[in-house]
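Any read-out appearing in this document is the output of simple, stated calculations on the displayed coordinates, not a laboratory observation. Quick caveat: nothing in here was measured; it's all calculated off a predicted structure. Using ideal geometry, Cβ is built from the backbone for each residue, glycine included, and neighbour counts are taken over all protein chains shown.
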Amino acid sequence: MKLTIDVWRQASDETDGRFVSYTVDDAAAEMSLPELLDRLNSQLVEEGEDPIAFDTDCREGICGTCGITVDGIPHGPEPHTPMCRQHLRSFSDGAHIRMEPFRSSAFPVVRDLVVDRSAMDRVVASGGFVSVDAGTAPDADTRQIPFDMAERALDFSACIGCGACIAACPNGSSHLFTGSLLTHLATLPQGKPERGRRARGVVESAEEEFGPCSVYGECAEVCPAGIPLSAISAVNREAARAAVRRNRDD
Amino acid sequence: MSAPAPARPSGSAPVTRAGHRSRFSSVAAKYIMAITGLIFSAYVLVHMIGNLKVYQGPEAFNSYAHWLRNAFYPVLPYEGLLWILRVVLLVSVIAHIVCALILKSRARRARGGARAPSIRRRRGLGLSVFAGRSMLVTGVVLLLFVIFHILDLTTGTSPAAPDGFQAATHESSYAYSNLVDSFSRWPASLIYIVAMLALALHLLHGLVSSVYDLGIGVGSKARNILAAVALLVALVVALGNITIPVAVLTGLIS
Amino acid sequence: MSSPLTDRASEPLDGRIPDGDPATAWARRKLDYKLVSPLNRRKFRVIVVGTGLAGAGCAAALGELGYDVVVYTFHDAARRAHSVAAQGGINAARAKKVDNDSLERFVKDTVKGGDFRGREADCFRLGEESVRVIDHMDAIGAPFAREYGGQLRTRSFGGVQVSRTYYTRGQTGQQLQVAASRALQRQVGTGSVDLRTHREMLDLIVKDGRAQGVVCRNLYTGEIEAETAHAVVLCTGGYGNVYFRSTLAHNSNVTAAWRAHRRGAYFASPSFIQFHPTALPVSSHWQSKTTLMSESLRNDGRIWVPARAGDDRPPNEIPEDERDYYLERKYPAYGNLSPRDISSRAAREQIEAGHGVGPLKNSVYLDFRDAMERLGKPTIKERYGNLFSMYFDATGEDPYTQPMRIAPGAHFAMGGLWSDYDMMTSVPGLFVGGEAGWGYHGANRLGANSLLSACVDGWFTLPFSVPNFLASHLGTAPLSLDDDAVRATVDDVKARTEQLLSIGGTRGADDFHRRLGDILYTGCGVSRTVSGLETALNEIRSLRSEFWNDLRVPGTGRQLNQELERAGRVADYLEMAELMCLDALDRDESCGAHFREDHQTEGGEAQRDDENWAFVSAWEHVPGTPEHPGTPIRHAEPLSFETVPLQTRNYK
Ligand SMILES: Cc1cc2nc3c(=O)[nH]c(=O)nc-3n(C[C@H](O)[C@H](O)[C@H](O)COP(=O)(O)OP(=O)(O)OC[C@H]3O[C@@H](n4cnc5c(N)ncnc54)[C@H](O)[C@@H]3O)c2cc1C
Ligand code: HEM
Ligand code: HEM
Ligand code: SF4
Ligand code: F3S
Ligand code: FES
């Protein structure tokens, strides 16, 4: 199939970017989006042009490295599917595809389609963990965790940290990401002793890095991990809980 | 001279922070929005039910308006309940608006303002999406409406109010005739109808949103129920109110 | 025969395994280790490269202890290391059930699984520490699957008859990796770990025979940065991507390990690569990987090829009696569930004999027709629904109406930097952990053992053995960045970068990588012949000289330049591939995944030669030119087995 691709080209965060149009004549329906970009890039290399920088790694939807906005939608037209698992089958022959980076103030453009998502890690470093040192853990079989509770935690811990929720959010909010983290750890008994502390740290950091949530629900629509929208409520819930129990860590 | 030593990675790379550093957190702002929004929602629902008394005729409506002023007398002074309500509503409206503006400006900053070219919504532009995205607009419409509405039917200030406006007294209320006089002017009725549509949209998103904002985790099933309830309330409040100017214009009430 | 190219070292290599009973070796060794007092720990800087399960664990644990830790990863976030992609599970010898599992049985399975080419004592440590790996990962938030009674749930995995695999849905690697990287972020938050993302280690700084630092490229800015430390730990993952299309992530590479190898670290068993039988086949030129499909599919799917070579009718038009269910035919006892290496090899044989199917005739069918007739479509859907939709996703073919196609894909590197029992390489001060190393898995890895080995290395081995090394360097400062050795290494890296940029040829790095992959799949793949390996060696050499003459890297070195990154990795792969072939040629026996057609039993099984080859090959780099890396020297670490007697596998 033949495709026309408008790609956002930007040399760095300091310079302005613009769309540049390319055509690929021998695209195939079974190509994934990164493979299409590989194809285009090898074409560009042969022509002596700068290839398009884009992020991708596992190419099976688990590492969260990939992420571009395709025709205005983070990751692309297939719902709940990361960019690396979107295939050209979703497009018709002769289609026009527009590719641009994840858009959000918290994600400065590094180059072309690559953005810097370190803000998400700063949120994690502010309390998104369980403070147990190596070797000091109790026997995991002695701590009984009901089946349902483990499953529920898994629903929220499935987040692959891709940042699409933030790019999809008209407010640049990280509530789905932050909420999935908080829910995961607040659900499990392991996370209880520092539940309040964690909420204070994580929410404060999320406020410094990202926008507020207006419950638009766009985030959950694009989330490749299928994190349920209810995750967003955890941010306010955990923060309020921690505020009420002001002097306590748990 | 030897060449400079090779670079050691600078520990603190330049960091972009898209959020805010104010002590007033967005979480707090959202709780305030949700609580005040729910107060308004309750108020407009009850107020709509009261308004429907207009169909029971002038006496019923006037005495309801009169009761509003004399309620719990002498435990409360004349217009006591009303003033409590007014203060609560006024404080709420200010808080609601201030928080709305703070949040919206934070949102704009975090999104990237002009830096971020348009994004297409995955869900297209359904009603609920439209309602969500237009909260600020419908909110402003509501604010302007309330000002107009109070000038029209409470203080009787022209040109908002109809010519024959009669203020309420300790003994009686003329709410019914004021209302009929006002709505007989089609532009006034139109303002009311438009405002009610804005209200419906505002409630449609606001009611769902406030539940999430209060930290209540809504699963996907519960979300559907919640959305249905919000739609129901929004429609009931808006349609209930809209019938009144329509009834006046069509002469059903006079 | 053996390769005339290789020059053997005469002295046997010493693995420094504690003498005596391997079962108690770890406890005794730990007692021997020197300690660093808490007050002195801040004075030691340790560089950890990699944030996978091994790297994140090691860095977090050292940070918790109070060392000054610097961590590098080429990813933009610690969590993205390829450990995240593991699905199946993680083994542990907790032996809680009454299925008669035990530490000894774990060791036995691992040693046998590795076809007696790993270290027995290491396996004991692996099993012993596996107990607290599960406890720890659970405690830091990995939501392991639970029974209704609240206990940890296990399943059996990978040809083992006991139930010792712990898991979290199909996302075990992800949950462990996220938990570990959060533990790492915790140390970042407290300031004890300095995490430097999007930095690729391109060289090792060696001075006075000791590893004292690394040189990295900041991938976002192109800056070449140096950092020095008292010790360096490489946890940089496996090199299966040398085959271009593998189950690994696009960016996984061998560069860190290879650069260390070039600075003196021996490379053990480079040719020991595990091929996964149920990977997605390559269907088009531009396909970039062979995604792993769960092996569980083989429980109900039947594997077959057309009986007539070159038969290209659509599968459903091929009548029953013209289908060859070759696994059921050859291995009646295990049939479609034959072990990974056997299944992979059998598929490769069929493909090579012209029975391959699919557009490129490079796959075999995995058919659910009979299972669907027997169990009904709903049951199949319930069991494999998400795998089927993943398959449909990737191929556009509907496995409910036509058979799936599968092919062996390069998956796991048993080989890696050689290290002694303390995980230290042949360069003092340079340690290795996880898949980048070698050790436990011998010539074939058991399913669910490698997440475990990465965790054990990171959390419960390196935090003991690295301080032991540090203790004798108290009072010394890390090398100054002004030191000549640092400058020289930085200059080397810069020169190499310039060289890659200045070739000015016509082809991108991927093109060479693809061709290298084809050479290796053919010559050094699931089964190997002397002549095939020799051909591969020649092809690799000419491809390498083509690379250095015809590579084109657009752009400059002072920007994010992914072509440059790839070029550097492919350059290393082109050298690495040669060593793999040399090793495969040299090892004149079959063992585990290393199957030499000239060494098989009558039934077509791998035939070990314990008399001559019961040792680990550890290759020493000998400098040469880019086109002709020097001829390496092979060292041998003899292996002995005390608790598990040498024996031959039988799956007939
Ligand atoms: C698809 C798949 C499924 C698997 N399933 C299982 C399973 O079910 N059970 C099991 O036990 N094992 C499984 N494995 C194997 C297992 O996942 C890996 O062996 C293990 O996770 C390796 O961990 P690691 O920490 O050594 O390396 P990785 O997790 O690969 O981490 C490597 C790290 O090193 C960094 N790095 C590498 N080179 C450089 C450099 N030059 N400079 C800077 N940083 C660098 C990377 O950025 C990364 O952070 C699977 C593997 C694959 C591919
Ligand atoms: C009768 C009057 C009003 C009612 C019933 C009402 C109700 C609500 C409710 C229930 C919410 C949801 C709060 C939440 O998200 O938690 C809300 C949000 C909002 N309201 Fe109102 N409101 C009214 C008036 C106004 C006015 C006068 C304005 C402003 C000028 C306004 C602006 C907004 C905005 C912008 C939001 C969205 C906040 C966000 O993006 O998170 N509202 N309103
Ligand atoms: C068609 C719809 C409506 C009708 C017929 C109506 C009618 C009235 C009447 C008759 C009064 C005067 C009561 C009195 O002074 O005795 C009144 C007061 C008021 N209404 Fe409405 N109303 C309508 C919609 C609304 C809406 C949508 C809002 C809010 C957003 C609103 C807010 C108020 C307020 C704040 C007052 C003033 C109360 C006071 O301070 O005395 N009304 N309304
Ligand atoms: S919540 Fe979903 S969209 Fe957001 S980072 Fe996690 S996986 Fe990506
Ligand atoms: S789209 Fe944004 S506004 Fe909230 S619900 Fe999702 S974070
Ligand atoms: S590349 Fe890993 S999720 Fe897409």
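Worth pointing out:
- Only helical runs count toward this figure. For the protein assembly as shown, summing -39,500 (n - 2.57) over DSSP H runs of n ≥ 4 and dividing by all residues gives -13000 deg cm²/dmol at 222 nm.
- Counting Cα-Cα pairs of region C:65-105 in 10 Å increments starting at 0 gives whole-percent bin shares of 20, 24, 27, 23, 6.
- Per-pair calculated FRET efficiency, R0 = 41 Å: A:SER21 and C:SER480 via Cβ, rounded to 0.05: 0.20
- For the protein assembly as shown, pairs of C-alpha atoms spaced more than 48 angstrom apart make up 34 percent of the total.
- Mean projected area (nm²) of the alpha-carbon convex hull when region C:377-441 is viewed from all directions: 6.9
- Per-residue average of Cβ from other chains inside 10 Å of C:68-75: 1
- Contour minus Cα-Cα distance for C:GLU147 and C:LYS34 (0.36 nm per residue): 36.5 nm
- With Cα atoms, 0 to 90° folded angle of helix B:220-249 axis to chain B main axis: 40
- Distance between region C:276-324 and region C:487-505 - C-alpha centres, whole angstrom: 45
- Summing Cβ point charges (Lys, Arg +1; Asp, Glu -1) relative to the Cα centre of chain B gives a dipole of roughly 2160 debye.
- The mean count of C-beta atoms from other chains within 10 Å of the C-beta of residues in A:26-36, rounded to a whole number, is 4.
- Against the main long axis of the alpha-carbon atoms of chain A, helix A:195-209 sits at an angle near 30°.
- Furthest towards positive pole of dipole, A:PRO193, B:GLY206, C:LEU234, structure part the protein assembly as shown, Cβ charges: B:GLY206
- A crude spin-label estimate for the pair B:GLU171 and B:THR154, with each label 7 Å from Cα along the Cβ direction, gives 2.6 nm.
- Computed magnitude of the charge dipole of the protein assembly as shown (debye, nearest 20; Cβ of K, R +1, Cβ of D, E -1): 3940
- Added length on full extension, which subtracts the Cα-Cα distance from 0.36 nm per residue, C:ASP518 to C:GLU328: 65.5 nm
- Among C:426-434, B:58-66, A:29-37, the peptide with the highest mean count of other Cβ atoms within 10 Å heads the list, and the full ranking is C:426-434, A:29-37, B:58-66.
- Put the Cα centre of region A:6-46 next to the Cα centre of region C:429-461 and the gap is 38 Å.
- C-alpha center-to-center spacing [region B:213-249, region C:100-179] in angstrom: 53
- Cα-only radius of gyration and Dmax that characterise region A:106-183, units Å: 16.1, 51
- Rounded to 10°, Cα long-axis angle of helix B:26-51 versus longest principal axis of chain B: 20
- Selection among C:HIS261, A:ALA153, C:THR221 by position relative to the dipole of the protein assembly as shown gives A:ALA153 as farthest towards the positive end (Cβ unit charges, Cα centre).
- Three-way shape label, region C:1-107, alpha-carbon gyration tensor, a/c 1.5: rounded
- Once the Cβ-Cβ distance of C:SER102 and C:VAL530 is raised to the sixth power relative to R0 = 60 Å, the FRET efficiency obtained is 0.90.
- Modelled label positions at C:ASN299 and B:LEU90, each set 7 Å beyond Cα in the direction of Cβ, lie 7.1 nm from each other.
- Positive-end residue of C:ALA371, C:ALA179, C:ALA23, charge dipole of the protein assembly as shown with Cβ unit charges: C:ALA179
- DSSP bridge analysis restricted to the protein assembly as shown gives an antiparallel fraction near 65%, rounded to the nearest 5.
- P(r) weight above 37 Å for chain C, C-alpha pairs, percent: 33
- P(r) of region B:121-243 over all Cα-Cα pairs, binned every 10 Å from zero, in whole percent: 12, 35, 27, 17, 8, 1
- Karplus-derived HN-Hα couplings along region C:88-102 (A = 6.51, B = -1.76, C = 1.60, θ = phi - 60°), whole Hz, x at Gly and Pro: x, x, 10, 7, 8, 8, 7, 6, 7, 7, 9, 8, 6, 7, 6
- Over chain B, all Cα pairs binned in 10 Å intervals from 0 give whole-percent P(r) values of 6, 24, 29, 20, 11, 5, 2, 2, 1, 1, 0, listed from short to long.
- Each of the peptides C:293-306, C:564-577 was scored by the mean count of other Cβ atoms within 10 Å over its residues; in descending order, highest first, they stand as C:564-577, C:293-306.
- A simple packing score, the average count of other Cβ atoms within 10 Å per residue, orders the peptides C:56-68, C:198-210, B:31-43 as C:56-68, C:198-210, B:31-43, with the highest score first.
- Stokes-Einstein translational diffusion, chain A - Kirkwood Rh over all Cα pairs, 1.567 mPa s, 4 °C, in µm²/s: 67
- As an equivalent ellipsoid, region A:117-244 spans semi-axes of 25, 16, 13 angstrom, where each value is the square root of five times an eigenvalue of the C-alpha gyration tensor, largest first.
- Taken residue by residue and averaged, Cβ atoms of other chains lying within 10 Å of the Cβ of A:220-230 number 3.
- FRET E, pair B:ALA60, B:ALA222, Förster distance 41 Å, beta-carbon r, rounded to 0.05: 0.60
- Region A:3-111: projected area of the alpha-carbon convex hull, averaged over directions, in nm²: 6.8
- Computed from the alpha carbon positions, the gyration tensor of region C:386-530 leads to an equivalent ellipsoid with semi-axes of 39, 27, 15 Å, biggest first.
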